[in-house]
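Beneath this line is the structure, given in structure tokens, with notes to follow.
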Amino acid sequence: MPQLSAVIYTQVNPAVGCTRLLNATGHIGCTGPAAPLSRAPLLALSSASADVPGERVVIIPNSQMDAFLQRVLRDAVLQSRVKGLLVHQDAPSQASPSEAFPRSAFAPYRAPGYAWNPGGNGLSYQSFDFPIFLMDNDTSQAAYTRAVINADQVFLGALHWGELDSSMLAQHNASACLAAQHCYPLGGHSVWAALPPLQQAQPAAASQPVIMVVAQMDTTAFFHDAAVGADQPLSGLIAMLAAAEILGNSTAAAGYSRQLVFAAVNGEPWGYMGSKRFLWELSRGERSTAGLSLNRIEQVVELGQLGRSIDASGRSSLFVHSQQGPGFGDSTSLLQAVVSSAASTTEAQVTASAAASTNPGIPPSSLMSFLRVNASISGAVLAEFDSAFTNAHFEGHDDDESNLNAASVATAAMVAARALHTLAQAGGTSTVLQVDAVKVRSTVDSLIACLVKADPGLTCPLSLSLILPTRVQAEHYISDMHSLTADSQDPNPNIKSNIERFVWNFLALRTSSGPAKNADGSADGCDPYEHACEAGAVCLAYHPDRKRSPDNGRCIRSTACYVPSYSTRLNCSGCNGEDTLAEFLWQFTDAAADWEAQYGWPADPVWTESLWARVALRMYQRDTDSVARALVGIGLGVTGLSIVAVLAARGVYEKHLKSQ
């Protein structure tokens, strides 16, 4: 009876739920019981240390959530009492739910006790057997109003209850849940583009050294779908995209003695999944990395956390991190290029220097993957911090728009572009890179509006000129991967996320050497299927949901590619990008085992995400058990009297009939 249910229950939007992830050895995150659902009276706490008297659905401020969950992990009695946790967004937490040394097992040095992320408490990697929801403002108000009534009644009489539904189907670990078809692997696609396009480079380009310019694309948080990653990774990604535009607008690229390759890697919070898969496909000569080879990668420059480098006086301080010690490549030229470029960036107040020599090595970064397969690569990470992250919200949902300074990102983009220009023309003709600071800031502002802000998000003019988004806000958490396209370069929006398609189109356009023709010579637009572009060109701004027309897709000379990003331990047998909900096709494979052993990779974590029926929250008022029993008794009594009355009436009626 939907009408009766609507009267009794208040169905509310839980905003975002904590979900369960599984890897090769176990699981993390949250789940609730399937039956009975998690339900208890609502209790609002203002402090993480406050008492929880009996079974409760607890309401806690965001600023107190981490401390409360740490208390739950230590206290078995409290664990048994908490039937659910509702988090309302007040002040940002000053702790990071990531680890103190994120992904330390992948570092090219041993320092597991070092705290790159001093505020890291590791809560994202714990497991909780009760639902945890991050509420929006309307839901918070509704929950608090009911909790206050409960408190005013000293939890006596008719109370307001919360009922939370977040039962996860997957159990045990990744292999068990994949076998049971109760999870999908985490996965997506990285993107890379060459400047100048590989087909337009000099004849000697096949042996030309490569400078990889790397930025990470995705992040995570305790509440995955609330993750934004404004400072990490989006500040670095936006700085890289802006630097690509600066260099792409210059005519100097055609004369570079080194090939520039811009790479936005996806899946890095999950065991550097994106960079590892990129290097694995590169070693196999897959189409996704056609034109590149590992032995040509001479230098790697990674743009890390760069959104908070400006101090109160308006000066930016940048730090160059490199891996020191025997066996590692000499990064002196990288340091000198960045320091010199900062000094010549007169459009802003900025200095750059080498990170402290007392650091154990490079910070958590994709560069770690490149050094693993070739330690002689000259590599550096450009960041806003020296010996420890200054971003208190690393891989937390509070790393949002408020944690990002556009001027800081624009300054980093100009410094990076000038440094890359210097490195790319080394040994050749030296020219000065012209930079329009106003245009750079405009580009950075546009990218922040598109990729960081919820409004306008991907409905921003820049995005709409490149893709037809399937949602407003860009995906910052990589999420699960149901299938793959048969051709890795197929831009199918059911397989490639909005942010992946946005970055691909942006880099393709900004590194392009000009317009190109369709393979059939027509001018009616292009698509990757029946109306492809000529060799050496790609189809820009193609929307599969629109009819073919001159306005839907245009050919440009560019080298831009997608690279799948998922565990090297998995294989999607028969995936074609169409039957995404049909036969379950993900299987384990040892195809990369020898390659992993050759370079000493840690055991692949094989991250997966559980399936679930729904994530829901509803609130209702419930009488005491004695009142409920009395109501049942009254109901039974009324029913009994009704039966007696009916029987009596029937007897009278039958007597009346007999008397006729």
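The values are calculated or read from the model by the stated rules, or taken from the named source; none is laboratory data. Note that the structure is a prediction, hence the values are computed from the model and not measured. Quick reminder, even Gly has a Cβ in these numbers, built from the backbone with ideal geometry, and neighbours come from all protein chains shown.
Determine whether VAL12 is surrounded by 16 or more Cβ atoms within 10 Å (Cβ to Cβ), hydrophobic (A, V, I, L, M, F, W, C) and modelled with pLDDT of 95 or more. Walk me through how you get there before you give the answer.
Details: surrounded by 16 or more Cβ atoms within 10 Å (Cβ to Cβ): yes; hydrophobic (A, V, I, L, M, F, W, C): yes; modelled with pLDDT of 95 or more: no.
No.
Can you pull out the residues in the stretch 452-486 that are among the aliphatic types (A, V, I, L, M), touching a Gly at 6+ places or on another chain (Cβ under 8 Å) and buried (at least 16 other Cβ atoms within 10 Å of the Cβ)?
Going through the stretch 452-486, the residues among the aliphatic types (A, V, I, L, M) turn out to be 452, 454, 458, 462, 464, 466-468, 472, 474, 478, 481, 484, 486.
Now drop any that are not touching a Gly at 6+ places or on another chain (Cβ under 8 Å), which leaves 472, 474, 478, 481, 484, 486.
Those that are among the aliphatic types (A, V, I, L, M), touching a Gly at 6+ places or on another chain (Cβ under 8 Å) and buried (at least 16 other Cβ atoms within 10 Å of the Cβ): ALA474, ILE478, MET481, LEU484.
Looking at the stretch 511-537 only, could you name the residues that are farther than 22 Å from LEU198 by Cβ, within 35 Å of the chain's Cα centre (by Cα) and not hydroxyl-bearing (Ser, Thr, Tyr)?
In the first step, residues of the stretch 511-537 are kept if they are farther than 22 Å from LEU198 by Cβ; the result is 520-525, 527, 529-531.
Okay, now just the ones that are also within 35 Å of the chain's Cα centre (by Cα), so 525, 527, 529-531.
Within the stretch 511-537, GLY525, ASP527, GLU530, HIS531 meet the criteria.
For the condition among the aliphatic types (A, V, I, L, M), within 18 Å of TYR620 (Cβ to Cβ) and in the same structural domain as ALA142 (by TED's automatic domain parsing), what is the one hit in VAL52, VAL58?
Details: VAL52 fails: within 18 Å of TYR620 (Cβ to Cβ).
Testing whether each residue is among the aliphatic types (A, V, I, L, M), within 18 Å of TYR620 (Cβ to Cβ) and in the same structural domain as ALA142 (by TED's automatic domain parsing) leaves just VAL58.
Name the strands (runs of 3 or more DSSP E) wholly within the stretch 158-238 that hold at least 3 residues that are crowded, with 24+ Cβ neighbours inside 10 Å, at pLDDT 95 or above and not assigned by TED's automatic domain parsing to the domain that holds GLY120? Walk me through how you get there before you give the answer.
Values: elements: 159-165, 183-185, 188-195, 210-216.
Those strands (runs of 3 or more DSSP E) span 188-195, 210-216.
Out of the residues in the stretch 97-108 that are touching a helix residue (DSSP H, G or I) at 6+ places or on another chain (Cβ under 9 Å) and under 10 Å from GLY119 (Cα atoms), which is surrounded by the fewest Cβ atoms within 10 Å (Cβ to Cβ)?
First pass over the stretch 97-108, keeping only residues touching a helix residue (DSSP H, G or I) at 6+ places or on another chain (Cβ under 9 Å): 97-99, 103, 106-108.
This time we only want the ones that are under 10 Å from GLY119 (Cα atoms), so: 97-99.
Working: PRO97: 26, SER98: 29, GLU99: 21.
Here the residue is GLU99.
Return the only residue of LEU45, LEU22, LEU78, LEU37 being surrounded by fewer than 20 Cβ atoms within 10 Å (Cβ to Cβ) and in contact (Cβ under 8 Å) with a residue 40 or more places away in the chain. Outline the logic, then answer.
Working: LEU45 fails: in contact (Cβ under 8 Å) with a residue 40 or more places away in the chain; LEU22 fails: surrounded by fewer than 20 Cβ atoms within 10 Å (Cβ to Cβ); LEU78 fails: in contact (Cβ under 8 Å) with a residue 40 or more places away in the chain.
Among LEU45, LEU22, LEU78, LEU37, only LEU37 is surrounded by fewer than 20 Cβ atoms within 10 Å (Cβ to Cβ) and in contact (Cβ under 8 Å) with a residue 40 or more places away in the chain.
List, please: which pairs have Cβ atoms under 6 Å, are six or more places apart or on different chains, and start with a residue in the stretch 154-169 that is closer than 18 Å to PHE133 by Cα and end with one that is assigned to a loop (DSSP other than H, G, I, E, B) and β-branched (Val, Ile, Thr)?
SER166/VAL615; MET168/THR31
Which of the residues that make up the stretch 53-75 are among the hydrophobic types (A, V, I, L, M, F, W, C) and either surrounded by fewer than 19 Cβ atoms within 10 Å (Cβ to Cβ) or out of contact with any strand residue (DSSP E or B) (no Cβ under 9 Å at 6 or more places or on another chain) (or both)? Give the derivation first.
So in the stretch 53-75, the residues among the hydrophobic types (A, V, I, L, M, F, W, C) come out as 57-60, 65, 67-69, 72-73.
Listed by number, the residues that qualify are ALA67, LEU73.
Quick check on my filter: what residues within the stretch 433-461 are of a type outside the set (Lys, Arg), free of Cβ contacts under 8 Å to residues at least 24 places away in the same chain and part of a helix (DSSP H, G or I)?
Result: VAL438, SER442, SER446, ALA449, GLY457, THR459, PRO461.
Look through the stretch 487-526, keep the residues that are assigned to a loop (DSSP other than H, G, I, E, B) and among the basic types (Lys, Arg), and return whichever of them is surrounded by the fewest Cβ atoms within 10 Å (Cβ to Cβ).
Applying the first criterion (assigned to a loop (DSSP other than H, G, I, E, B)) to the stretch 487-526 yields 487-497, 511-513, 516-517, 519-526.
From what is left, the residues that are among the basic types (Lys, Arg) are 496, 517.
Numbers: LYS496: 22, LYS517: 14.
Result: LYS517.
Against the definition (assigned to a helix (DSSP H, G or I), surrounded by 19 or more Cβ atoms within 10 Å (Cβ to Cβ) and either among the hydroxyl-bearing types (Ser, Thr, Tyr) or touching an Asp or Glu at 6+ places or on another chain (Cβ under 8 Å) (or both)), how does SER333 come out, yes or no? It would help to see each step written out before you state the result.
On the way: assigned to a helix (DSSP H, G or I): yes; surrounded by 19 or more Cβ atoms within 10 Å (Cβ to Cβ): no; either among the hydroxyl-bearing types (Ser, Thr, Tyr) or touching an Asp or Glu at 6+ places or on another chain (Cβ under 8 Å) (or both): yes.
The answer is no for SER333.
Output the number of the condition that LEU334 fails; it satisfies all remaining conditions of (1) touching a Ser or Thr at 6+ places or on another chain (Cβ under 7 Å); (2) under 20 Å from PRO196 (Cα atoms).
All conditions pass for LEU334, except number (2).
For the stretch 55-75, how many residues meet the condition of being of a type outside the set (A, V, I, L, M, F, W, C) and in contact (Cβ under 8 Å) with a residue 60 or more places away in the chain?
1
Quickly run through the stretch 109-124 and pick out the residues that are outside any loop (DSSP other than H, G, I, E, B), small (Gly, Ala, Ser) and either over 22 Å from GLU384 (Cα atoms) or in contact with a helix residue (DSSP H, G or I) (Cβ under 9 Å, 6 or more places away or on another chain) (or both).
At the first step, the residues of the stretch 109-124 found to be outside any loop (DSSP other than H, G, I, E, B) are 120, 123-124.
Filter again for small (Gly, Ala, Ser), leaving 120, 124.
Across the stretch 109-124, the qualifying residue is only SER124.
Has the stretch 634-649 got any residue that is part of a strand (DSSP E or B) and modelled with pLDDT of 65 or more? Even if it seems obvious, please write down each step before you answer.
So in the stretch 634-649, the residues part of a strand (DSSP E or B) come out as none.
Within the stretch 634-649 (the criterion being part of a strand (DSSP E or B) and modelled with pLDDT of 65 or more), the answer is no, since none of the residues qualifies.
Out of the residues in the stretch 293-311 that are in a loop (DSSP other than H, G, I, E, B) and within 27 Å of the chain's Cα centre (by Cα), state the one that is surrounded by the most Cβ atoms within 10 Å (Cβ to Cβ). Write out each step before concluding.
Restricting attention to the stretch 293-311, the residues satisfying the condition of being in a loop (DSSP other than H, G, I, E, B) are 293, 304-309, 311.
Right, trim to within 27 Å of the chain's Cα centre (by Cα) and you get 304-309.
On the way: GLY304: 28, GLN305: 28, LEU306: 33, GLY307: 28, ARG308: 22, SER309: 28.
Filtering first and then ranking leaves LEU306.
Of the conditions (1) over 26 Å from the mean Cα position of the chain (by Cα); (2) modelled with pLDDT of 95 or more; (3) not in a loop (DSSP other than H, G, I, E, B), PHE68 fails just one. Which one is it?
(1)
Select from the stretch 554-578 the residues that are assigned to a loop (DSSP other than H, G, I, E, B) and touching a Leu at 6+ places or on another chain (Cβ under 6 Å) and write down the one among them that is modelled with the highest pLDDT.
Kept after step one, since they are assigned to a loop (DSSP other than H, G, I, E, B), are these residues of the stretch 554-578: 558-559, 566-569, 573-578.
Filter once more, keeping what is touching a Leu at 6+ places or on another chain (Cβ under 6 Å): 559, 573-575.
Details: THR559: 97, SER573: 79, GLY574: 75, CYS575: 81.
By that ranking, first place goes to THR559.
Specify which of the listed residues (VAL148, VAL154) is of a type in the set (Val, Ile, Thr) and outside any loop (DSSP other than H, G, I, E, B).
On the way: VAL154 fails: outside any loop (DSSP other than H, G, I, E, B).
After ruling out the rest, the residue left standing is VAL148.
Going by the structure shown, is SER376 part of a loop (DSSP other than H, G, I, E, B), over 15 Å from LEU294 (Cα atoms) and of a type in the set (Gly, Ala, Ser)?
Details: part of a loop (DSSP other than H, G, I, E, B): yes; over 15 Å from LEU294 (Cα atoms): no; of a type in the set (Gly, Ala, Ser): yes.
The answer is no for SER376.
Filter the stretch 357-382 down to residues that are out of contact with any strand residue (DSSP E or B) (no Cβ under 8 Å at 6 or more places or on another chain) and among the hydrophobic types (A, V, I, L, M, F, W, C) and give me whichever is surrounded by the fewest Cβ atoms within 10 Å (Cβ to Cβ).
For the stretch 357-382, the residue satisfying everything is ALA375.
Check whether at least one residue in the stretch 118-130 is touching a Phe, Trp or Tyr at 6+ places or on another chain (Cβ under 6 Å), among the small types (Gly, Ala, Ser) and either surrounded by fewer than 19 Cβ atoms within 10 Å (Cβ to Cβ) or under 18 Å from GLU395 (Cα atoms) (or both), and report yes or no.
Yes; the residues of the stretch 118-130 include at least one that is touching a Phe, Trp or Tyr at 6+ places or on another chain (Cβ under 6 Å), among the small types (Gly, Ala, Ser) and either surrounded by fewer than 19 Cβ atoms within 10 Å (Cβ to Cβ) or under 18 Å from GLU395 (Cα atoms) (or both).
For LEU241, state whether it is touching a helix residue (DSSP H, G or I) at 6+ places or on another chain (Cβ under 9 Å), more than 24 Å from LEU69 (Cβ to Cβ) and among the hydrophobic types (A, V, I, L, M, F, W, C).
So LEU241 passes the test.
For SER80, are the conditions met, namely being within 29 Å of MET619 (Cα to Cα) and part of a loop (DSSP other than H, G, I, E, B)? Steps first, answer last, please.
Working: within 29 Å of MET619 (Cα to Cα): yes; part of a loop (DSSP other than H, G, I, E, B): no.
When the stated conditions are applied, SER80 does not pass them.
Within the stretch 125-137, can one find any residue that is modelled with pLDDT under 95, assigned by TED's automatic domain parsing to the domain that holds THR31, in a helix (DSSP H, G or I) and not hydrophobic (A, V, I, L, M, F, W, C)?
Yes; the residues of the stretch 125-137 include at least one that is modelled with pLDDT under 95, assigned by TED's automatic domain parsing to the domain that holds THR31, in a helix (DSSP H, G or I) and not hydrophobic (A, V, I, L, M, F, W, C).
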